[in-house]
Amino acid sequence: MSQYPKVAIVILNWNGIKHLQQFLPSVLSSVWPNLDIVVGDNASTDGSVQFIRENYPGIRIIQNDQNYGFTGGYNRVLAQVDADYYILLNSDVEVHPGWIDPVISLMESDPLIAVAAPKIKAYNQKGSFEHAGAAGGFIDSFGYPFCRGRIVNEIEPDHGQYEESGEVFWASGASMFIKKKYWDEAEGFDEQFFAHMEEIDLCWRLKNSGYKVMYCAQSEIFHVGGGTLTTENPFKTYLNFRNNLLLIKKNLPFWKGFIVITARFFLDFAALLRFLTEGKRKDAGAVSKAHRYFVRHIFDSGDHASSTHLKKYNSKLTGMYHGSIMWAFFVRKLHKFTDLDRRRFY
């Protein structure tokens, strides 16, 4: 490229001083000719801001007056960042110096590409994919997200099986590259999500508008995962089930959304029973709480412009699996992405 677009790596932090101490050095090693590094802070109380000021005075800090969650935090921080590309990067991510160039090169090749993500592998098991993103995100007909390299809780080792870049359904918020003009067009994240699945909602809205979401195999990062909410946290269970229902309500037309949500009540009840049989009573309660919230607020329009009405809808989006990933996983015992029937993908 003769001219380099301006790129801003933006890390949202909330009481993550340990991650900042461990991973900021790798982020600072990132090579790009026109690069800013920004830390947005959601009113941390652990000395994070002071640590950055004392040790990394070249990093710009944008402080929020309270914890607005992942969605509200990023919306407020990015409104103050001027760049052609944003890279939303979790604080618990290790990168290598040349990780930016392959993704930006891919995105510059097509004006319709709005979002992209690198290969995401596990920091603590570097030969395996990581739960939150792996080799690109997909979604099934019932709104259940999964990844190339991770279906439900089955994580694949990386044997070079997903080395081809291409279009996917969603990109992980752990490391999301997005063109600023499309972030602005979509009006950022929907704050009612707070955290979890907000990136899928954003990608779905952009895809409904005719834009593309890509996976870039030539760049990889290493993600710890569960830095703010651990996998076993009932609040995370609540957000995942609640936000998944909001995701369906927002991005499908009423008639189709009604059918899918009706099916989901039964499918999620099965998940609740499974939690009970495993002795996870708090997680079972979180599923019930999520559905009660959804029923109480099912007719709410929300306070986010893009969440009030379904503006556009595309029935055949690349990265959507025409079928049930839960049926494929639990009944047909198909635990790898390569086991799935390619004819079922749009």
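Temperature 4 °C, viscosity 1.567 mPa s: under these conditions the Stokes-Einstein estimate for the chain, based on its Kirkwood radius over C-alpha pairs, is 63 µm² per second. Maximal additional length on extending the residue 282-residue 161 stretch stands at 39.8 nm, based on 0.36 nm per residue less the C-alpha distance. On the basis of the beta-carbon distance and an R0 of 41 Å, residue 125 and residue 3 show a calculated FRET efficiency of 0.55. You can think of it this way: the chain between residue 313 and residue 270 has 12.5 nm of extra reach, that is 0.36 nm per residue less the Cα-Cα gap.
Looking only at the chain, where both bridge partners belong to it, what percent of the DSSP beta bridges are antiparallel (to the nearest 5)? Counting DSSP beta bridges with both partners in the chain, the antiparallel share is about 45 percent.
Summing charges over neighbours of residue 269, with a neighbour being any other residue whose Cβ is under 14 Å away from its Cβ, gives +2 when K and R count +1 and D and E count -1. Once you reduce segment 109-166 and segment 170-188 to the center of their Cα atoms, the two points are 17 Å from each other.
Of the cross-linked pairs 121/181; 207/250; 249/312; 212/312; 126/236, those separated by over 18 Å at the C-alpha level are 121/181; 126/236.
For segment 134-173, applying the loop criterion from DSSP together with a ceiling of 10 other beta carbons within 10 Å to the GluC sites (Glu not before Pro) yields 164.
Computed from the coordinates by the stated procedures, all read-outs in this text should not be read as laboratory data. A quick note: this is a predicted structure, and the numbers were derived from the prediction, not measured. Virtual Cβ from ideal backbone geometry, glycine too; neighbours counted across all protein chains shown.
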